[in-house]
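The values are calculated or read from the model by the stated rules, or taken from the named source; none is laboratory data. Quick caveat, the model's predicted, so the values are computed rather than measured. For neighbour counting, all protein chains shown are included, and Cβ atoms are generated from backbone atoms with ideal geometry for every residue, glycine included.
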């Protein structure tokens, strides 16, 4: 399994490890380079299940500034989820969600009433929010990281040849990690780390609650 292990911040289009670049835990990475990274989320309207999903198997989400952690974990589960920083007007959020066929997730009751593709997230804790969103859409994701997207920018993670990233990661990681994936959006490199099992265990706990 290729997990969301550890990652290395790399510049866009860069194949060499920048001088002084640090390896950071996936939960605490920052965006790299000058390209904007859009990666936060929220919920808006009351009903999620009655609006068609454009023929896609998996829904797409847009979270506003109150639901950043929810956005990241939806990405871990493999859902296309964008996140917008604070300050974006409610009508703009609603129009963006509508144009991209996304569910707008928010804890703001006023925002949840803006459009038909909005869902008000009532739960306060992250685990409860995940259960609420997944259950309302009748989603049953798997507890693994094979379909995960980039936790920072929502980009698709593509398998990458070892020789392409050898100079971008520490030697011990190159020697021990079985596989690598690279975000096609921000260039971050992912591999299975010791904390991957903890992420998957939390996924299992969420899914078990969905099956009750």
If I filter region 169-179 for residues that are exposed (fewer than 13 other Cβ atoms within 10 Å of the Cβ) and under 30 Å from residue 138 (Cα atoms), do I get at least one hit? no
Pick out the one residue from 104, 120, 130 that is within 15 Å of residue 203 (Cα to Cα) and modelled with pLDDT of 90 or more. 130
Looking at region 187-208, I want the residues that are on the phi > 0 side of the Ramachandran plot and have a partner that is surrounded by fewer than 18 Cβ atoms within 10 Å (Cβ to Cβ) with Cβ atoms under 6 Å, at least 6 apart or on another chain. Which pairs are those? 187/12
Would you call residue 159 under 27 Å from residue 180 (Cα atoms) and surrounded by fewer than 22 Cβ atoms within 10 Å (Cβ to Cβ)? yes
Checking residue 123 against (1) crowded, with 23+ Cβ neighbours inside 10 Å; (2) free of Cβ contacts under 8 Å to residues at least 12 places away in the same chain: exactly one of these is not met. Which one? (1)
Restrict the check to region 80-99 and report whether at least one residue is surrounded by fewer than 24 Cβ atoms within 10 Å (Cβ to Cβ), closer than 17 Å to residue 141 by Cβ and modelled with pLDDT of 90 or more. yes
Candidates 96, 105, filtered to the one that is assigned to a strand (DSSP E or B) and touching a residue at least 12 places away in the same chain (Cβ under 8 Å): 105
Residue by residue through region 126-149, note down the ones that are touching a residue at least 24 places away in the same chain (Cβ under 8 Å) and assigned to a helix (DSSP H, G or I). 126, 127, 129, 130, 131, 133, 134, 135, 136
For region 150-167, name all the residues that are touching a residue at least 60 places away in the same chain (Cβ under 8 Å) and in a loop (DSSP other than H, G, I, E, B). 150, 151, 152, 153, 154
